[in-house]
Structure formats: C-alpha cells, structure tokens
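**Q** Here it is: the structure, laid out below.
Bear in mind that the values in this text are calculations on the coordinates, not laboratory data. On a predicted model such as this, the values are computed, not experimentally measured, just so you know. No Cβ is skipped: glycine too gets one built from the backbone with ideal geometry, and neighbour counts run over all protein chains shown.
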Amino acid sequence: MLDELALPLLLAERMEEVRGKTRFQKLLYIFQKRCEERNMGVQIFQYQPYLYGPFSMELARTIDNLVHERLLVESSDMTESGNTVVTYSLAPEGKEFLEKVRKDIQIDNRRLDILNEVVNDCSGLQLTDLVTFAKSL
Amino acid sequence: MDEDGRQDPITQFIDTMRSQRILNDTELEIYDFGLRQTILTSSDVAKHFNIRPSTASNRLKHLTKQGYLEESPRDGASKRSGKGHAFKYRAVHPKLALRSFISGRMSLEAAVQKIIEPLEITAESASYEGDMWLARAQTLAISEGIRKIDSAQRSIYISGRDCSWLKDPDVKEAITKAAKRKVAVKVAASQLDRGLRSTIKTTGASLVNCPIIGPNFCVIDKSVLLIPYKTSGLNEPYELLLTTHDYLVQGFVKYFEGLPSLIGPK
C-alpha cells in the first residue's frame, strides 16, 4: 500500500514534472518490467494490455487519489500546437510524505537506481515513442 | 445544521443527489421525507407538502417504480382502493436504491480513465492551429478558461470594459495562482467597479484604467486568445471563444501592448 502511494511520488520527484497520465502509466510499467527482469520484481501495479499499451486502472486511480490528497499537484500546460495537457508535480506535502515514509517503503536502493535509469532513458521520449516502447516490452 | 455548522447526513446525502441530478427536486423532497419517517402514506405526504392526496399518491407510486420506495401490500383479498386501506410506503436504503447508479458511475469513471490516453496522445501530436473553438456551456467556458490560465508560463493580458467575468471565484483563484508563479498578469479595463478593482488588486495583477472601452479578451503567453462574450441579454451566461490562430492572436497582443498607460514605453 505504501509502495503504491510512494512509487508515483518518487517518479514525480525525479521527473520534476510528469506530463500526462499516460507518461506515468508507461514509465512505471517500464520500471516494473526492468525490476522483473533483474529479479527485483514486486508487482506494485497490475497492468492489462490496452489499446495504447499496458494500462493499470489501479495506477490511474492512485494518481487521482494522490491529487485529491494534495500530495501531487495537477496543473495544465500547453503543447506547442496550443492544446492543453495535464501535468503532475510533487506537492510540498508529497515531499514531506516521502521523507516520512522513505525508511519504511520496500523500494530499496537498487530499485531506486532502476527508477532513475528509467527516467534517464525514457523521460525525453515523445509520448507516441514512449507508448510504442512500452508496448514492445 | 448543528452548532459547528455541520449538515445532518440525510440533508447532505440529498444535496449530493440533487447536485448529481439523480432525482428531481419534488422527488428528492419526498425521498428525504421518507428517509426521516418509518412509514409513509399518501395522506402524510399530502399533509406535509400541502398537495392533493391524489398527487401525493402518484408521486409515491412513481418513486416506488423507480426503486426509491417500497410499498406494503394491502391486507385482505381485495386490492381495490378505498377508505381505510391506505398504501403504506417506506424509503428504500440508499445503498440499494442507488446500486445501479453507483455501479454505472464506477463504469463511467473507468471509461474516463481509459479515454485519457488517446486524448493525451492526440493533444501532444495533433495541431489545431488556426481553428476557433466555442465553449457554449458556461461551466465549460469557465473551466476551459481556467485551464488556459493555469497553463500560462509568461504573461496573461486581460482587456475589457468591466471584466465582470473575473468575478468568478475560480477564475480569480486561477489568476492569483498565475501571479504567484510570477506570470505577468495585466488587466486593462475602462469601467471597473470598485469591488472588482480591489478584487483584482488582491490577485497580484497589474491594473490600469483604460481610457477607451476596449474589446473583451484574454491572451495567454501571447499564443492563445480567449474571448468571453454574452450572446444576448445581460443575464445570459458567458460563452468562450478560443483560438491559437497566430495572426489573430498577434493582433490582440499588439492592441494590448499599444495601451501606453498600461505597458509604458517600450
């Protein structure tokens, strides 16, 4: 339960800003997949194959709950073409929460390294490329 | 409400049902009455709401058919109506009465979660530059306007006669948040009333009275133009026109930046 709340917050902390829920979905899927490959896989979110790659209803709802609990800040941003997209960032309360639970969560350093690796490798991808990549795993 | 201003749970529940438009006001009043009574009859309802017994009876039957009340079968073999044989009703527990509604809402929520992905992919790839979009419903007009204000990174130019649309508390909050994150919010209005003038000042926006009655618009980051307007009477709701059409947007930016009293020498 704690991991379920902490993982999206850790991703937001590392990314500074997560542009759209789809990015959340795919980046955390890639993270879970890499943990699995390296035998460090505790599946935190259950994913199902969907039209745009793996999708977790549990994660979608968790993000909403984190926004509702004011641990994540949901704001709007504009694309170059003038469309509005929703972005997520860590709220000060989210930062406090992470500091409090950091010792208790099961995400050990090796898994945090994987999360950093996913952020480094994939955060710069265009959304469509990220979706294609997540689908290919 | 109690001393601390807390609403009683039944009123709160009925208000939520009202806001979700689950039943109409008359039906809700009867259901509320039913939840507070053990047994209802049409004469109780007629008396309580000061309506005719036949009307009360029809409303109770209607609510029974919809699953919010249940009726007690009459005693005796004869089912004919008559004096002394009033139908008895009682309110169905909300969990049961709303079961299909709640499961419908859950499926709707799941469907909304799933539709986010294709919408985000479209938003990041498709270009609608040049198109003009009209949000006709006032709630949509306000939320679209707020979303755009929330997305501002550098500047928000607001022009208008009295800028009365800024009175909306959510719009005011969005403007305040923008000013706090160092977005340059500038308001040029020719006929601001005193109340709105102080409201705008509290948001952190720069404010200068405009000598001429200017057009009503808002430009976000010199790239998105929002035009709130009323289609007819003063009491009509606002609609909102949105566009990123560069030529059009730049025309409004030029007008705004040309207001010497606001911007000062370039």
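**Q** At what distance in nm do the modelled label points of A:S136 and A:T84 sit from each other, each positioned 7 Å from its Cα along Cα→Cβ?
**A** 3.5
**Q** While we're looking at this one, here's another question. I need the per residue convex hull volume for the range A:57-137, using only the alpha carbons, in cubic angstrom as a whole number. Could you put the intermediate results ahead of the total?
**A** Details: hull volume 11.2 nm³, N = 81.
Taking only Cα atoms, the range A:57-137 has a hull volume of 139 Å³ per residue.
**Q** With a 10 Å Cβ neighbour count serving as the proxy for reagent exposure, in which order, fewest first, do A:V42, B:V185, B:V171, A:V73 appear?
**A** Values: A:V42 11, B:V185 23, B:V171 20, A:V73 17.
Fewest-to-most ranking of A:V42, B:V185, B:V171, A:V73: A:V42, A:V73, B:V171, B:V185.
**Q** A follow-up question, please. Across chain A, where is the longest run that never hits GluC sites (Glu not before Pro) in a DSSP loop with at most 13 other C-beta atoms within 10 Å? Could the numbers behind the result be given before it?
**A** On the way: sites that count: A:E16, A:E69, A:E80.
Answer from the scan: A:81-137.
**Q** Name the residue, out of B:T55, B:T244, B:T176, whose mean-square fluctuation peaks in a Gaussian network model built on chain B with Cα pairs under 10 Å.
**A** Per the Cα network of chain B with a 10 Å cutoff, B:T55 tops the list.
**Q** What residues qualify as long-range amide H neighbours of B:K88, i.e. H under 5 Å apart, gap of 5 or more or another chain, H built at 1.01 Å from N?
**A** B:S72
**Q** Running Debye on the range A:6-130 with equal point scatterers at the Cα sites and no solvent, what base-10 log of I(q)/I(0) appears at q = 0.09, 0.12, 0.16, 0.21 Å⁻¹?
**A** After summing over all Cα pairs, the log10 values are -0.24, -0.43, -0.79, -1.39.
**Q** If the reach is capped at under 28 angstrom between alpha carbons, list the lysines near B:K88, excluding any in the same chain fewer than eight residues apart.
**A** B:K47, B:K61, B:K65, B:K79
**Q** Along Cα→Cβ, 7 Å out, is where each label goes; now give me the distance between the ones at B:F87 and A:R102 in nm to one decimal.
**A** Going from the B:F87 label point to the A:R102 one covers 6.6 nm.
**Q** Still on this model: Just to confirm the number: angle between the C-alpha axis of helix B:169-180 and the first principal axis of chain B, 0 to 90 degrees, nearest 10?
**A** So the inclination is approximately 40 degrees.
**Q** Which residue, B:E29, B:E239, B:E144, tops the fluctuation ranking in a GNM of chain B built on C-alpha contacts under 10 Å?
**A** B:E29
**Q** For B:T199, B:T26, which order do you get if you count the other beta carbons within 10 Å of each Cβ and list the fewest first? Present the calculation step by step, with values, prior to reporting the outcome.
**A** On the way: B:T199 19, B:T26 14.
The fewest-first ordering by Cβ neighbours comes to B:T26, B:T199.
**Q** Over all directions, the average projected area of the alpha-carbon convex hull for chain B comes to how many nm²?
**A** Working: hull surface 86.3 nm².
Mean projected area of the Cα convex hull: 21.6 nm².
**Q** Under a plain spin-label model, where a point goes 7 Å from the Cα along Cα-to-Cβ, how far apart in nm are B:R105 and B:S72?
**A** 3.1
**Q** With +1 on the Cβ of every Lys and Arg and -1 on the Cβ of every Asp and Glu, and nothing else charged, how large is the dipole of the range B:97-153 about its Cα centre, in debye rounded to the nearest 20?
**A** Working: 6 positive and 8 negative charges, 88 e Å.
Magnitude of the dipole: close to 420 debye.
**Q** Let me ask another. Under 10 Å from the Cβ of B:D221, count the other residues' Cβ atoms, weight Lys and Arg +1, Asp and Glu -1, and hand me the total.
**A** +3
**Q** Let me ask something else about it. Between A:E37 and B:Q7, take the C-beta separation as r, use R0 = 56 Å, and let me know the FRET efficiency to the nearest 0.05.
**A** Working: r = 53 Å, r/R0 = 0.95.
The value I calculate is 0.55.
**Q** Can you list residues from other chains, or at least 5 along the same chain, whose modelled amide H is less than 5 Å from the amide H of A:S56?
**A** A:Q48
**Q** Now for a different question. Give the angle, between 0 and 90 degrees and rounded to the nearest 10, that separates the Cα long axis of helix B:246-257 from the longest principal axis of the Cα atoms of chain B.
**A** The helix B:246-257 is inclined about 70 degrees to chain B.
**Q** What fraction of the Cα pairs in the range B:9-130, stated in percent, has a spacing above 22 angstrom? Before the final figure, lay out each step's value.
**A** Working: 3634 of 7381 pairs.
Of all Cα-Cα distances in the range B:9-130, 49 percent exceed 22 Å.
**Q** While we're here: With a Förster radius of 60 Å, plug the Cβ-Cβ distance of A:T128 and B:F33 into 1/(1 + (r/R0)^6) and report the FRET value to the nearest 0.05.
**A** Values: r = 56 Å, r/R0 = 0.93.
For A:T128 and B:F33, the calculated efficiency is 0.60.
**Q** Within a Cβ distance under 11 Å of B:S190, other residues only, what is the Lys/Arg minus Asp/Glu net charge? All intermediate terms of the calculation are to be shown ahead of the outcome.
**A** Details: positive: B:R161; negative: B:D162.
Taking every other residue near B:S190 into account, the sum is 0.
**Q** Another one. Throw me the Rg/Rh for the protein assembly as shown, computed over C-alpha atoms with Kirkwood Rh, two decimals. Show your work: numbers first, answer last.
**A** Values: Rg = 27.8 Å, Rh = 25.7 Å.
On the Cα set of the protein assembly as shown, Rg over Rh gives 1.08.
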